[in-house]
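Structure first, commentary second.
The values are calculated or read from the model by the stated rules, or taken from the named source; none is laboratory data. Model, not experiment: these values are computed from the prediction. Cβ placement follows ideal geometry from the backbone for every residue including glycine, while neighbour counts extend to all protein chains displayed.
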Amino acid sequence: MELQTGWQGLAVLGLSGVGLLHVIWGLGSPWPARSPEALARAVVGNMAGGLPGAGPCLVVAALLFVAALLVAWAPQGPAIARLGAGLVGATLLARGLGGFLMPVLSPGFRAQPFQTWNAWLYSPLCVVLGLGALQSLR
């Protein structure tokens, strides 16, 4: 698998990195936060449900690794890989753009520090990774 563009490479690395974070969380570490409570406030947005358990974290990690493979494989892979990479790109763009509306549409997402992290990192990162995934289709 040869990466065709810098955007595609960025998407593959970003998806893999976020997947690795989910593995770390699934194994019980709150890194880079100091505690599970601090991690929940930063990545979930409210403490009502707390952090997801190991199972959901590891499922998300697996999906992120599959997404990275689809994006890497799309330029020279079969049509199903291109379709998958397109769905990855569309999903990430929807999450990224929708993330900017979260504070307006869902009061639960107004909690700090999630709202700040979402506005400055999570949503922009999703947009960039989504664009990178779509670049793999060129």
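Given the criteria at pLDDT below 95, surrounded by 13 or more Cβ atoms within 10 Å (Cβ to Cβ) and within 13 Å of the chain's Cα centre (by Cα), does Gly99 qualify?
Criteria met by Gly99.
Applying the selection to the range 103-121, what residues are in contact with a Lys or Arg (Cβ under 8 Å, 6 or more places away or on another chain) and free of Cβ contacts under 8 Å to residues at least 60 places away in the same chain?
Pro103
Just to be sure I understand the filter: pairs with C-beta atoms under 9 Å, separated by 6 or more residues or on different chains, first member in the range 18-40 and over 18 Å from Val59 (Cα atoms), second member at pLDDT below 95 and of a type in the set (Lys, Arg). Which pairs pass?
Qualifying pairs under 9 Å: Ala33/Arg41.
Consider only pairs whose beta carbons are under 8 Å apart and that are at least six residues apart or on different chains; among these, list those whose first residue lies in the range 75-86 and is touching a residue at least 24 places away in the same chain (Cβ under 8 Å) and whose second residue is surrounded by 11 or more Cβ atoms within 10 Å (Cβ to Cβ) and among the hydroxyl-bearing types (Ser, Thr, Tyr).
Matching pairs, first to second residue: Pro75/Ser136; Ala85/Ser136.
Exactly one of (1) of a type outside the set (Phe, Trp, Tyr); (2) surrounded by 18 or more Cβ atoms within 10 Å (Cβ to Cβ); (3) part of a helix (DSSP H, G or I) is unmet by Val128. Its number?
(2)
Among the residues of the range 102-125, what is the count of those that are surrounded by 14 or more Cβ atoms within 10 Å (Cβ to Cβ) and among the polar types (S, T, N, Q)?
Qualifying residue count, the range 102-125: 3.
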